Amino acid sequence: MRYPFSRVAVLRLLTLSAWLIPCAAFFADTPYKYYLTGSAVDVQTQTTPGFALVGGGKDVDSVFRWFLQRSGGGDVVVLRASGADGYNPYMMGLAQIDSVESLVVATPEAARDPFVADRIRKAEALFIAGGDQWNYVRVWNHTPVSEAIQYLIDKGVPVGGTSAGLAVLGEYIYTAEKDTVTSAQALANPFHERVTVGTGFLRIPALKGVITDTHFHSRDRLGRTLAFLARMLEGGKLVEARAISIDERTAALTEGDGRTAVDGDGFVYFIRARKPAEVLKPGVPLTIHGVAVYRVPKGGDFDLKTWTGHGGVAYTLDVESGAIRSTQPGGGIY
């Protein structure tokens, strides 16, 4: 449904008729797309801080219930650079919440539009959908959009992301500026043009010094995560580099203080490198030793502050000339 009216007129119309309109789309003559399901009246509820770190793939109901309950029944905003309102009916069917608003922000013009930042700032929960994280970094960073997301984080509003939406939540980001990189490419050359690690997008204290990766086991992404960690340690920029790498249909449900529970069908891998790579040169296969892994299934937990957990399996990885070796029985790297 398209409206040829002003934004104010449209919002007033939606407010008067929200009980009749289960879903409304408003994006005529605007640089963004906006979809509303539920009430157009802004409510303010008590929120609970937390971060839903979701590994991609099919959504898990219990993960989203955990996330939505933290909104206190308020207004949920879904932020994306492509797609439409697919999360709106899904989220509305999982919990008692006031509304779900999906914003498609795909251009710098859209990211600067005051309406977009206003809707984000008024959210009681924010979820960043999957897509292409380079679009998020390229279009949203250093704009009112990234400022509004940071405002919610600092305020204690729950924030989540899946796939590309998770990729931008760590202090360090695999930006995918030159398209995706495979583990084979990254291990063979940690300075491959597609190994693009950035920072400076968001500041989540629990994820300081952390890079995330998604679709982990199904897309064989361990090798590239190890290359990312080696690059993060390059030149003494960090004392240690950390990664949270998550399988599809799996999530790390993180409290504001870093306490994390795992839910879903797969594993969450908490990976830490404390020693710089022995060999880290352009065009030369990676060599790095003593990378610690703690693999946690559903029902296990992990504390990001102490970097310790329960219910998981600990092992160590070495990379020698691009080949990964594991201390697990049988040599399994996952």
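Taken together, the values in this text are just the output of simple stated rules run on the coordinates, not laboratory data. Predicted model, so just to flag it, every value in this text is computed and none were measured. We place every Cβ from the backbone using ideal geometry, glycine too, and count neighbours over all the protein chains shown.
A few remarks follow.
- Mean Cβ neighbour count within 10 Å, used as a protection proxy, ranking 216-222, 179-185 highest first: 216-222, 179-185
- Across Lys155/Lys208; Lys58/Lys298; Lys155/Lys298; Lys208/Lys275, pairs whose alpha-carbon gap is larger than 20 Å: Lys155/Lys298
- In this Cβ point-charge picture (+1 for Lys and Arg, -1 for Asp and Glu), the stretch 187-244 has a dipole of about 140 debye about its Cα centre.
- Cβ-based exposure ranking for Ser102, Ser62, in which fewest neighbours within 10 Å come first: Ser62, Ser102
- Label-reachable residues, the stretch 264-278, where backbone N falls under 12 Å from a point 7 Å from Gln328's Cα toward its Cβ: 267-270
- Per residue Cα convex hull volume in Å³ - calculated over the stretch 23-160: 96 Å³
- Every Cα-Cα pair in the stretch 93-181 was counted, and those over 18 Å apart are 43% of them.
- Residues of type aspartates and glutamates that Lys305 reaches as a straight line, Cα spacing below 16 Å, ignoring anything fewer than 8 places off in the same chain: Glu171, Glu240, Glu255, Asp257
- Label-to-label distance, nm, for residues given as Val41 and Lys58 (7 Å Cα→Cβ offset): 3.8 nm
- Net charge over other residues, Cβ less than 15 angstrom from the Cβ of Val262 (K, R count +1; D, E count -1): -3
- Bridging of Lys281 to lysines at a Cα separation below 20 Å is possible for Lys178, Lys237, once same-chain residues fewer than 8 apart are set aside.
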